[in-house]
Amino acid sequence: MKKRIVLYKRLSDALLARLEAQVDVTWVDMTTPDGLARLRDALPGAQGLLGASLRLDGPLLDAAPDLKVISSVSVGIDNYDVPDLTRRGVMLTNTPDVLTETTADTGFALILATARRVVELAGWVRDGQWNKSLGPSHFGTDVHGKTLGIVGMGRIGEALARRGAAGFGMRVLYHSSRPKPDVDARYDAQYRDLDDLLAEADYVCLTVPLNASTEGLIGARELALMKPNAILVNIARGRVVDEAALVEALQARRIRGAGLDVFVQEPLSVDSPLLGLDNVVATPHIGSATHETREAMARCAVDNLLEALAGRRPKNWVNAW
Ligand code: NAP
């Protein structure tokens, strides 16, 4: 008899067909108002879950006593209580590597858009205001040749370092759990304490996972250490930054600007003070959101799920025992 899984993220026809050839699939559309209730109803008897962006708390997991594996279509695992999953004997898998380059592209898009005021000035053209030549009040600031500070020198951090060093002739500084001599050698990069990095970098780019050690990592004190002309880019998770402190720093122009792909509350409310600031570029959590990469992530998640249900060790097993 086929094992049953609950799918709560839409897959391409090809991937769905591959999945359905091996397991019984119960599809739950989480975008409908009764999505959560339907998910809860589908959980009893399910041995696998495949999806993303859902906080699977204790009561939901209690409704899934046969669960063997959660295959998350994401690299970030901050939605899950990993020790609790391990206690329950539930494997958790994620999708690292396949989204690294695309997410680093997003980081650079935010660096460039914020530094060169791309969104603000494109809006200005669209509003019919380009009826005279530009003056200094429309100028941005350079990216090439500046100092890039990366907080979290992992997969995405390194992809940013490569773009900064090779593509934009930037000096690369980084802060991470530990210095990485191989990274230093590859990009002529230098390790710094967080405070020193904040004081030296022109672009501070956050690529740490959200966990107890990184929640609120960048608060009022850290923002005060940044140069007045510096730009903060967050492609990690919203809660890595104290958003109220960031709003204050941006309003007071204590830093030049911010490029933000992630927020404490997502979707970001239209009432967010961040959206009233012309020195903010806000994108709707699009780090990995290209056709190619989302398909690669889904393929990776399907592989992980099927491997786990076949009793083998999936490639991206987070809580391996
Ligand atoms: P990764 O390879 O694990 O890199 C994270 C790095 O952060 C690691 O080098 C880690 O150090 C370091 N780190 C962990 N805690 C730290 C701390 N307290 N202080 C300083 N450094 C710390 O992960 P990744 O694949 O690059 O992804 C990073 C994060 O980006 C994900 O967890 C996810 O939340 C976010 N992300 C966002 C999007 C988006 O759509 N915006 C897309 C993809 C990923 P060690 O090397 O010592 O472990």
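The values are calculated or read from the model by the stated rules, or taken from the named source; none is laboratory data. Treat the numbers as computed from the prediction; the structure is a model and nothing was measured. Note that we place each Cβ from the backbone using ideal geometry, even for glycine, and neighbour counts take in every protein chain shown. Side chains are part of the model used for accessible areas, which takes the heavy atoms of the whole protein and leaves out ligands, DNA and RNA. Shrake-Rupley method; radii C 1.70, N 1.55, O 1.52, S 1.80 Å.
Could you order Ser133, Ser176, Ser12 by accessible surface area, starting with the largest, using a probe radius of 1.4 Å? Numbers along the way, then the final one.
Values: Ser133 100, Ser176 20, Ser12 40 Å².
The ordering from most to least exposed comes out as Ser133, Ser12, Ser176.
Placing Arg253, Arg10 in order of accessible area, with the largest value first and a 1.4 Å probe, yields Arg10, Arg253.
Mean separation of Cα pairs under 8 Å and 6+ residues apart, divided by the residue count of the range 253-314: what relative contact order is that in percent? Working shown, then result.
On the way: 33 pairs, mean separation 18.0, N = 62.
Answer for the range 253-314 is 29 percent.
Taken one residue at a time, the phi angles of the range 280-292 give Karplus couplings (6.51, -1.76, 1.60, θ = phi - 60°) of 10, 10, 10, 10, x, 6, 9, x, 10, 7, 10, 4, 5 Hz. Gly and Pro are set to x. Placing Val75, Val183 in order of accessible area, with the largest value first and a 1.4 Å probe, yields Val75, Val183.
Here's how it looks for Arg116: its modeled amide H is under 5 Å from those of Thr141, which are all 5 or more places away or on a different chain. Given axes a ≥ b ≥ c from the Cα gyration tensor, I'd like to know whether the range 82-233 is rounded (a/c under 1.5), prolate (a/b larger than b/c) or oblate. Since a/c reaches 1.5 and a/b is larger than b/c, the shape of the range 82-233 is classed as prolate. Note that the range 208-273 presents 46 Å² accessible area per residue, ligands and nucleic acids not counted, probe 1.4 Å.
Shape analysis of the range 186-255 places it in the oblate category; the axes a ≥ b ≥ c from the Cα gyration tensor give an a/c of at least 1.5, with a/b not above b/c. Cα centroids of the range 20-73 and the range 111-190: how far apart, whole angstrom? Cα centres, the range 20-73 to the range 111-190: 39 Å. Sorted into 10 angstrom bins from 0, the C-alpha pair distances of the chain split as 6, 24, 29, 22, 14, 4, 1, 0 percent.
In whole percent, how big is the carbon plus sulfur part of the accessible area of the chain, probe 1.4 Å, protein atoms only? Working shown, then result.
Details: 8110 of 15400 Å².
Carbon and sulfur together cover 53 percent of it.
Rounded, prolate or oblate: which one fits the range 143-237, using the alpha carbon gyration tensor with axes a ≥ b ≥ c (rounded when a/c is under 1.5, else prolate when a/b beats b/c, else oblate)?
Values: a/c = 1.68, a/b = 1.21, b/c = 1.39.
Judged from the Cα gyration tensor, the range 143-237 comes out oblate (a/c at least 1.5, b/c at or above a/b).
The local environment of Lys315, defined by Cβ-Cβ distances under 13 Å, has a net charge of 0 under the rule Lys, Arg +1 and Asp, Glu -1.
For the range 68-77, the Karplus equation 6.51 cos²θ - 1.76 cosθ + 1.60, evaluated at θ = phi - 60°, returns couplings of 10, 8, 10, 9, 8, 8, 6, 8, x, 10 Hz by residue, with Gly and Pro reported as x.
Rolling a 1.4 angstrom probe over the protein heavy atoms with all chains in place gives the range 17-59 an accessible area of 52 Å² per residue.
Before anything else, pin down the relative contact order of the range 103-185: Cα pairs under 8 Å, at least 6 apart, normalised by residue count, whole percent. For the range 103-185, the relative contact order is 29 percent.
Pairs of Cα atoms under 8 Å, at least six residues apart: use those to get the relative contact order of the chain, whole percent. If you can, show how the numbers build up before the last one.
Details: 585 pairs, mean separation 60.4, N = 321.
This gives 19 percent for the chain.
Karplus-derived 3J(HN,Hα) values for the range 25-33, using 6.51 cos²θ - 1.76 cosθ + 1.60 with θ = phi - 60°, are 10, 9, 8, 10, 8, 6, 7, 8, x Hz; glycine and proline are entered as x.
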